[in-house]
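Enquirer: Take this structure first; my questions come after.
The values are calculated or read from the model by the stated rules, or taken from the named source; none is laboratory data. Computed from a prediction, not measured in an experiment: that's the story for all the values here. Ideal geometry is used to build each Cβ from the backbone, glycine not excepted, and the neighbour counts take in all protein chains shown.
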Amino acid sequence: ESVSFNKLGLIIIDEQHKFGVKQRINLSEKGGLNCDVLLMSATPIPRTLILSTYGDMDVSTLKEKPFKKTKIITNIIPENKIPDLINLIKKKIENKQQIYWVCPLIEESTKVKLTPVVERFEYLKKYFPENIGIMHGNLKNDEKNKVMKDFLDNKFSILISTTVIEVGVDNQNAN
């Protein structure tokens, strides 16, 4: 916050998922309108999807497949299909799989009508009361680390999160 730049023209953020939305906005504002921002990540699945859909972002994609035996599929499900999705999640959990559910916001916004992670967590807790965790950028680092470790250790099956997570890199059991 205390650092100021003289003619900042380019900001490169590697491993963009490690930065919160507020951090990226604050940094880019220091460069002003003539500053370019390059966000990079080896695992951009949820964050890049959200930023390219709802933000002002040009996307470049590497065409090579990642070193992974399973095919990566990302789906966008409309609100009216959530009951069907809950049934699918129940089947995945029965098969000992884990689920990432990514939401673009932490709390309700007056600018966009999207379901925030906190609200989605409370909704899904009714269906999966003992089998769900939540993660977002407002948690302290030790809280985020504990949630992620518990998820990786299979202490719960569903992680409701903002795009602060790295999907699938360290968790071959995730779906």
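Enquirer: Looking at Ile86, Ile11, Ile50, which one is closer than 17 Å to Trp101 by Cβ, at pLDDT 75 or above and among the aliphatic types (A, V, I, L, M)?
Expert: Sole residue among the options that is closer than 17 Å to Trp101 by Cβ, at pLDDT 75 or above and among the aliphatic types (A, V, I, L, M): Ile86.
Residue-wise test of (1) surrounded by fewer than 16 Cβ atoms within 10 Å (Cβ to Cβ); (2) in a loop (DSSP other than H, G, I, E, B).
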| position | (1), (2) |
| --- | --- |
| Lys96 | yes, yes |
| Lys113 | yes, yes |
| Glu130 | yes, yes |
| Asp142 | yes, no |
| Ile160 | no, no |
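Enquirer: In this structure, does Ile132 turn out to be modelled with pLDDT of 90 or more and either hydroxyl-bearing (Ser, Thr, Tyr) or within 12 Å of Val117 (Cβ to Cβ) (or both)?
Expert: yes
Enquirer: Of the residues in region 115-128, how many are in a helix (DSSP H, G or I) and under 19 Å from Pro78 (Cα atoms)?
Expert: The total comes to 8.
Enquirer: Right, here's the next one. Does any residue in region 87-99 that is closer than 12 Å to Asn154 by Cβ come within less than 7 Å, Cβ to Cβ, of a residue that is aromatic (Phe, Trp, Tyr) and at pLDDT 90 or above six or more places away or on a different chain, and which pairs are these?
Expert: Final answer for the pair search is Gln98/Phe151.
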